[in-house]
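A short write-up of the structure that comes next.
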Amino acid sequence: MPNWYYDKKDLRNTPSARDGIEYETERRYRKEGARFIMQAGASMSLGHNTVATGVVYFHRFYMFHSFRTFPRYVTASCCLFLAGKVEETPKKCKDIIKTARALLSDDKFQSFGDDPKEEVMTLERILLQTIKFDLQVEHPYSFLVKYAKCLNGDPAKLQKMVQMAWNFVNDSLSTTVSIQWEPEIIAVALIYLACKLSKFTVVDWVGKQPEHLKWWDMFVQDVTMEILEEICHQVLDLYQPAQMDSAPPDSPPQLPPSKASPPMKRANISPLGNKNSPNIAPNIATNHVVKPTPPPLMPVDIEANPIPKHITTDNTHYPYPPYPLHQAPPMPPQGHGPPPPYGPMVAAMPPQPAQPWQHYPHPHANKYYPPGPPPGRNTYYPPQ
C-alpha cells in the first residue's frame with residue numbers, strides 16, 4: 001500500500017509550490033476546500049466519517065497536483081461525491097452540485113464550467129488514479145472514543161474534555177495533520193490538548209502498568225512530546241485572527257475548466273482573468289486571436305418535412321389483404337363413443353357440407369377463419 005504520510009519538507013515541495021504558489025497561500029486553499037466539504041456535508045446531513053474521508057482525499061490529491069491545474073471547489077465536490085460512496089452514504093452528483101451552487105458565489109462556481117456534472121464525473125476518474133484506489137481511511141474519531149473510555153475521573157469533566165477533543169478533531173481536518181501522522185497519534189495529541197485547556201488531569205486509567213509513564217503509552221509507543229506539541233500548534237493556529245493587511249489573492253484555477261483539462265488548455269477557453277490571479281498561461285502568444293462566436297442557427301420549420309398523415313401499404317410484395325383466398329378441405333365427420341373394439345362409432349351429428357371461408361373485416365386481423373377447427377398453417381399461408 002502507498003505511504004500517505006509526509007514530512008515538512010514534502011509539504012513545502014508540493015506541485016503547487018513548484019508551480020509558484022506560496023506556502024501560506026496553499027495552506028489557505030487547503031483550508032477553504034476542507035471547510036467547503038464540511039459545510040456541504042452538514043447541509044446534506046452526511047456523517048462525520050464521510051466528511052473526514054472526503055477531506056483526506058482532498059489533501060492527498062493536492063500532494064500530486066497543483067491548485068493551478070484543478071479548481072479546489074470542483075475537487076472538493078468530487079472528493080465528497082466519492083467519499084459518500086465509499087462510506088455507504090451516497091449522494092447524487094446533481095445534489096452535491098446543487099449544494100455547491102447554494103454555498104458558493106457566482107465567481108467561485110464559475111470553475112464548474114458549463115456542465116458541472118460532467119466536470120465532477122471526469123475529475124472522479126483522475127481522483128481515483130491519484131489516490132491509487134486506496135479508498136479506506138481511518139479517522140481519529142474511533143480512537144478518541146476508545147481512549148476516553150479508559151480514562152478515570154470526574155464524569156462531568158471527562159465529558160467536557162471529550163467534547164472539546166472531538167471539536168478539535170473536526171477542526172484539524174482543515175490542516176495537514178491527517179497526511180502527516182497516523183489517526184492514533186492525532187487522537188492522543190488532541191486529547192492531550194483538550195485536557196490542558198479544560199484543566200482535566202489524567203491520574204488513573206484502565207490497564208495502567210508500572211512501565212507506563214503517560215496514559216498514552218498504553219496505546220501508542222515512541223510518541224514524543226515534540227510530535228504532540230506540533231499537532232496541537234497546527235490546530236491552535238486555526239483560531240488565530242486572520243491578517244487583514246492585504247486582501248488574499250483569488251484562487252488561480254477559478255476559470256471555467258474543460259473536463260478537468262490542464263491549465264494551458266483551460267486558459268485558451270476563457271481569456272478573461274483576474275488582476276489578482278497569477279498568470280496561469282505565461283507562454284500563450286500575445287497575438288492570439290479569439291475566434292468570434294458563430295451566429296445562432298435559424299429555427300427550422302417543423303412543417304417542412306411533415307409526418308405523413310396516413311401510413312399506406314403500397315408494397316407490392318405484401319398486398320393488402322396479405323394473401324388470396326384458398327379453399328379449405330372438407331371436414332371429416334366427428335363421432336363419439338367407445339373405440340371400435342367395443343362397438344361401431346356412432347356419428348354424433350350428420351356430416352356437414354363444406355362451408356365457404358368467412359372474412360372478418362377487422363383492419364388488424366388480416367386473416368380468414370373457416371368454421372370448425374382451423375386447418376394447418378400451410379393452408380392459411382401458402383408459400384409465396
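Annotations for the structure displayed:
- Residues that are without any contact (Cβ under 8 Å) to a residue 24 or more places away in the chain and either surrounded by fewer than 15 Cβ atoms within 10 Å (Cβ to Cβ) or of a type outside the set (A, V, I, L, M) (or both), drawn from the range 71-102: 85, 88, 90, 92, 94, 98, 101
- Condition met for residue 56 (outside the structural domain of residue 181 (by the TED database), more than 17 Å from residue 36 (Cβ to Cβ) and at pLDDT 95 or above): no
Table: residues versus (1) assigned by the TED database to the domain that holds residue 29; (2) at pLDDT below 95; (3) touching a strand residue (DSSP E or B) at 6+ places or on another chain (Cβ under 7 Å); (4) small (Gly, Ala, Ser).
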site	(1), (2), (3), (4)
74	yes, no, no, no
77	yes, no, no, yes
80	yes, no, no, no
86	yes, no, no, no
106	yes, yes, no, no
109	yes, yes, no, no
112	yes, yes, no, no
116	yes, yes, no, no
124	yes, no, no, no
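The values are calculated or read from the model by the stated rules, or taken from the named source; none is laboratory data. Please read these numbers as outputs of a predicted model, since none were measured by experiment. Cβ atoms come from the backbone with ideal geometry, glycine included; neighbour counts cover every protein chain shown.
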